[in-house]
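Some notes on the structure that comes next.
The values are calculated or read from the model by the stated rules, or taken from the named source; none is laboratory data. Quick caveat: nothing in here was measured; it's all calculated off a predicted structure. When we count neighbours, we look across all protein chains shown, and the Cβ atoms used for this are built from the backbone with ideal geometry, even at glycine.
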Amino acid sequence: MEQLQQTIQIISGTVSTETLELDEEEILIKAGKSAASRAIRISRPLNLPIHYIKDGKLIEELPDGSIRIIKDIPRVVSKDQFLTTI
């Protein structure tokens, strides 16, 4: 995968900038984890439910800590994975 040099703002109390050499997939994973953490941090004090996927199930975690399974999510095989198994 093509290497990119990116300037990424990392927010953790104060804003600082790091220059990292990451491939595109790593950049997207890092951005997704950061966004999810921030959303959870904001939602908890507002007593909002949090939704996430775990073990192929869509889960709703309520402010009181109770957990409800909303539905099963079928696993999707990507085109690349499908072609390599043939």
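Side notes on the structure shown:
- Among the residues of the stretch 44-55, those identified as in a loop (DSSP other than H, G, I, E, B) and surrounded by 10 or more Cβ atoms within 10 Å (Cβ to Cβ) are Arg44, Leu48, Pro49.
- Index of the failed condition, Arg68 passing every other in (1) part of a loop (DSSP other than H, G, I, E, B); (2) basic (Lys, Arg); (3) modelled with pLDDT of 95 or more: (1)
- Contacts under 6 angstrom Cβ, first residue in the stretch 38-51 being modelled with pLDDT of 95 or more, partner part of a helix (DSSP H, G or I), 6 or more apart: Ile50/Ile40; Ile50/Ser43
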